[in-house]
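Engineer: Dropping the structure in here first, questions after.
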Amino acid sequence: MVRFSIITINIGRTMLPKLKKMRFFSVKIIAKIKLSHSFTRITFQGENVKNMLTYAPDQWIKLSIPDANGFAPKITNQEQYNAMDKNTRPPMRTYTIRHIRRELNEVDIDFVLHGDEGPASAWAIKAKIGDEIQMRAHCHSIIKKPAGCRWLPPEEANEFLLIADETAVPAAIGILEQLSHYKDPPKVTAYFEVPHQDDCLETPNWPELNLNWQVRNEGSHDYNRLLINAAEKFNLPQNNRFYVWLAGETTAIRHIRLYLAEDKKLNNEKITFAGYWKLGQAI
Ligand SMILES: Cc1cc2nc3c(=O)[nH]c(=O)nc-3n(C[C@H](O)[C@H](O)[C@H](O)COP(=O)(O)OP(=O)(O)OC[C@H]3O[C@@H](n4cnc5c(N)ncnc54)[C@H](O)[C@@H]3O)c2cc1C
């Protein structure tokens, strides 16, 4: 059996590149479309896209964000990046693969443009066709264990609660798309919080899907409050095959997870969660 510690095996001083799952490579912008008030889709193309792996609809990648002049030093591997001066190396930010078309070497990412106080959002606002950026992604390797995603529900799960703010909406819609293709699409309750009515994007629909868009008051910075309220009103089903996926602002997601696990006594194994950003802090 292949053990995952194999990633640390060296032959002499050379690590076999095929063992490495995470790779850095350049991609170029080939399209940029405004989807709604807050979401902009950027399509990237690069010859390494065909090697990227997607284990789940919430599969994430990292982008090495260029400076205001569009410059970023080339990164070849994580060790090199870690060794760079923390104050001057390019910031890395995490995004979700919304679509991938390996046959065309194309990948779509839906960016929330939240202003220019963060380097990634500032870059995405200004980005134009032809601009290049480095991506770090999970790629083909002999290591087969899923990585870079959280949506890995047990096979027997047949009822779901999905909670997402705008940063996690691209992943959450991907999850709905996946569930909609099940032979019998399952019972799902979903709460998605967004800044603007116009951000209630198109999703698949089926009779057992109860999707609730929660639109914040215009300009409100009370992030994820609507999601907390919704979670606290949600009647937990008495179903052993129930599964929860939560993602959004870190403090709010922690609050909801603790509420479900401690107040509602939902087994931790039935909850998967991820803080996608932290209010007032760069992560
Ligand atoms: C697994 C994963 C998947 C993700 N997928 C996506 C995705 O597909 N699309 C997407 O848009 N984001 C996604 N995110 C969230 C994104 O990485 C963060 O929003 C990130 O902080 C943006 O970087 P930045 O450089 O713009 O801001 P930062 O430098 O990280 O932060 C600067 C300031 O902006 C604030 N800030 C950060 N994000 C927001 C926001 N959305 N709204 C308001 N204020 C904010 C911070 O609190 C901080 O005060 C994902 C995060 C994770 C962990």
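Engineer: Does Ala168 meet the test of being among the small types (Gly, Ala, Ser) and within 10 Å of the ligand (Cβ to nearest atom)?
Structural biologist: In short, yes.
Engineer: Taking the stretch 159-185 as the region of interest, how many residues are surrounded by 18 or more Cβ atoms within 10 Å (Cβ to Cβ), out of contact with any strand residue (DSSP E or B) (no Cβ under 6 Å at 6 or more places or on another chain) and outside any helix (DSSP H, G or I)?
Structural biologist: The qualifying residues number 0.
Engineer: In the stretch 250-281, how many are in contact with a helix residue (DSSP H, G or I) (Cβ under 8 Å, 6 or more places away or on another chain) and under 28 Å from Phe111 (Cβ atoms)?
Structural biologist: 11
Engineer: Among the numbered criteria (1) within 28 Å of Gly280 (Cα to Cα); (2) under 17 Å from the mean Cα position of the chain (by Cα), which one does Ile100 miss?
Structural biologist: Answer for Ile100: the failing condition is (1).
Engineer: Shifting gears a bit: If you go through the stretch 119-155 one residue at a time, how many are within 12 Å of the ligand (Cβ to nearest atom) and on the phi > 0 side of the Ramachandran plot?
Structural biologist: 1
Engineer: Can you say whether Val215 is surrounded by 14 or more Cβ atoms within 10 Å (Cβ to Cβ), closer than 19 Å to Lys278 by Cβ and touching a Cys at 6+ places or on another chain (Cβ under 9 Å), as far as the supplied structure shows?
Structural biologist: Against the criterion (surrounded by 14 or more Cβ atoms within 10 Å (Cβ to Cβ), closer than 19 Å to Lys278 by Cβ and touching a Cys at 6+ places or on another chain (Cβ under 9 Å)), Val215 does not qualify.
Engineer: Among the residues of the stretch 263-283, which ones are in contact (Cβ under 8 Å) with a residue 24 or more places away in the chain, away from the ligand (no atom under 16 Å from the Cβ) and charged (D, E, K, R)?
Structural biologist: Hits for the stretch 263-283 are Lys264, Lys270.
Engineer: To continue, here is another question. For the stretch 7-102, please list each of the strands (runs of 3 or more DSSP E) lying entirely inside it that holds at least 3 residues being surrounded by fewer than 17 Cβ atoms within 10 Å (Cβ to Cβ), at pLDDT 95 or above and within 16 Å of the ligand (Cβ to nearest atom).
Structural biologist: 22-34
Engineer: Right, next: May I ask you to say which residue of Tyr191, Tyr223, Tyr243 is surrounded by 13 or more Cβ atoms within 10 Å (Cβ to Cβ) and modelled with pLDDT under 95?
Structural biologist: Working: Tyr191 fails: modelled with pLDDT under 95; Tyr243 fails: modelled with pLDDT under 95.
Among Tyr191, Tyr223, Tyr243, only Tyr223 is surrounded by 13 or more Cβ atoms within 10 Å (Cβ to Cβ) and modelled with pLDDT under 95.
Engineer: Mind checking whether some residue in the stretch 184-197 is of a type in the set (Ser, Thr, Tyr), more than 18 Å from the chain's Cα centre (by Cα) and away from the ligand (no atom under 16 Å from the Cβ)?
Structural biologist: Narrowing the stretch 184-197 to residues of a type in the set (Ser, Thr, Tyr): 189, 191.
Applying the additional criterion that residues be more than 18 Å from the chain's Cα centre (by Cα) yields 189.
The next check asks that each one be away from the ligand (no atom under 16 Å from the Cβ); those that pass are 189.
Yes: the stretch 184-197 contains one or more residues that are of a type in the set (Ser, Thr, Tyr), more than 18 Å from the chain's Cα centre (by Cα) and away from the ligand (no atom under 16 Å from the Cβ).
Engineer: Of Asp110, Asp116, which residue is among the charged types (D, E, K, R) and free of Cβ contacts under 8 Å to residues at least 24 places away in the same chain?
Structural biologist: Asp116
Engineer: Being modelled with pLDDT under 95 and outside the structural domain of Ile29 (by TED's automatic domain parsing) is true for just one of Ile173, Ile143. Which residue is that?
Structural biologist: Testing whether each residue is modelled with pLDDT under 95 and outside the structural domain of Ile29 (by TED's automatic domain parsing) leaves just Ile143.
Engineer: Could you please find all residues in the stretch 33-80 being of a type in the set (Asp, Glu) and more than 20 Å from the chain's Cα centre (by Cα)?
Structural biologist: Listed by number, the residues that qualify are Glu47, Asp67, Glu79.
Engineer: Specify the residue that is nearest to the ligand (Cβ to nearest atom); the eligible residues are those in the stretch 103-118 that are exposed (fewer than 13 other Cβ atoms within 10 Å of the Cβ) and in a loop (DSSP other than H, G, I, E, B).
Structural biologist: Per the criteria, the residue is Glu117.
Engineer: Right, here's the next one. Only one of Ala147, Ala137 is part of a strand (DSSP E or B) and touching a strand residue (DSSP E or B) at 6+ places or on another chain (Cβ under 9 Å). Can you tell me which? First the steps, then the outcome.
Structural biologist: Working: Ala147 fails: part of a strand (DSSP E or B).
Going through Ala147, Ala137 in turn, the sole match is Ala137.
The values are calculated or read from the model by the stated rules, or taken from the named source; none is laboratory data. The model shown is predicted, which means the values in this text are computed figures rather than measured ones. All Cβ positions, even for glycine, are placed from backbone atoms using ideal geometry, and neighbour counts span all protein chains on display.
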